[in-house]
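Here is the structure we will look at, set down as structure tokens.
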Amino acid sequence: MPDGSIRWQQWSDRAIFDEQGNILYFQGVGRDITESKVAQDRLQFLHALTLETSMAGNADKALQAAARLICEMRDWDLR
């Protein structure tokens with residue numbers, strides 16, 4: 001987008017034919033699926049967070065796993 005934000009789009013394209021099977025024109029329909037993509041990414045993150053922390057042997061390992069996943073998601077350095 002002009003402001004630098006990223007948007008996700010989904011497009012469906014198809015040909016429209018006449019009675020003889022000749023292509024008359026092409027039709028393209030697009031829609032913004034950004035909200036759905038963001039929700040899907042958040043759900044995947046929460047699933048990974050739940051799985052990693054539930055498999056940790058103790059609270060310290062669970063916190064380390066959570067910190068690692070958060071840093072990966074945000075592109076932060078984990079120091």
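If you scan segment 22-76, which residues turn out to be open to solvent by 80 Å² or more (accessible area, probe 1.4 Å), in a loop (DSSP other than H, G, I, E, B), under 25 Å from Ser5 (Cβ atoms) and not charged (D, E, K, R)?
Trp76
Can you tell me which residue in segment 1-21 is nearest to Ser36 (Cα to Cα), limited to those that are open to solvent by 100 Å² or more (accessible area, probe 1.4 Å) and outside any loop (DSSP other than H, G, I, E, B)? Show your work before the answer.
Going through segment 1-21, the residues open to solvent by 100 Å² or more (accessible area, probe 1.4 Å) turn out to be 1-3, 6-9, 11, 13-14, 17, 19-20.
Within this subset, residues satisfying the condition of being outside any loop (DSSP other than H, G, I, E, B) are 9, 11, 13-14, 17.
Numbers: Gln9: 10, Trp11: 15, Asp13: 21, Arg14: 24, Phe17: 33 Å.
That would be Gln9.
Yes/no matrix, rows are residues, columns are (1) modelled with pLDDT of 95 or more; (2) within 24 Å of Met73 (Cα to Cα); (3) touching a Lys or Arg at 6+ places or on another chain (Cβ under 9 Å):
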| residue | (1), (2), (3) |
| --- | --- |
| Ser5 | no, yes, no |
| Trp8 | yes, yes, yes |
| Ala15 | yes, no, no |
| Leu24 | yes, no, no |
| Gln27 | yes, no, yes |
| Gly30 | yes, no, no |
| Glu35 | yes, yes, no |
| Asp41 | no, yes, no |
| Glu52 | no, yes, yes |
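The values are calculated or read from the model by the stated rules, or taken from the named source; none is laboratory data. Small disclaimer: the values here were computed from a predicted structure and weren't measured. Please note: Cβ atoms are built from the backbone with ideal geometry, for glycine as well, and neighbour counts cover all protein chains shown. Protein only, heavy atoms only, side chains kept; ligands, DNA and RNA dropped before computing areas. Shrake-Rupley method; radii C 1.70, N 1.55, O 1.52, S 1.80 Å.
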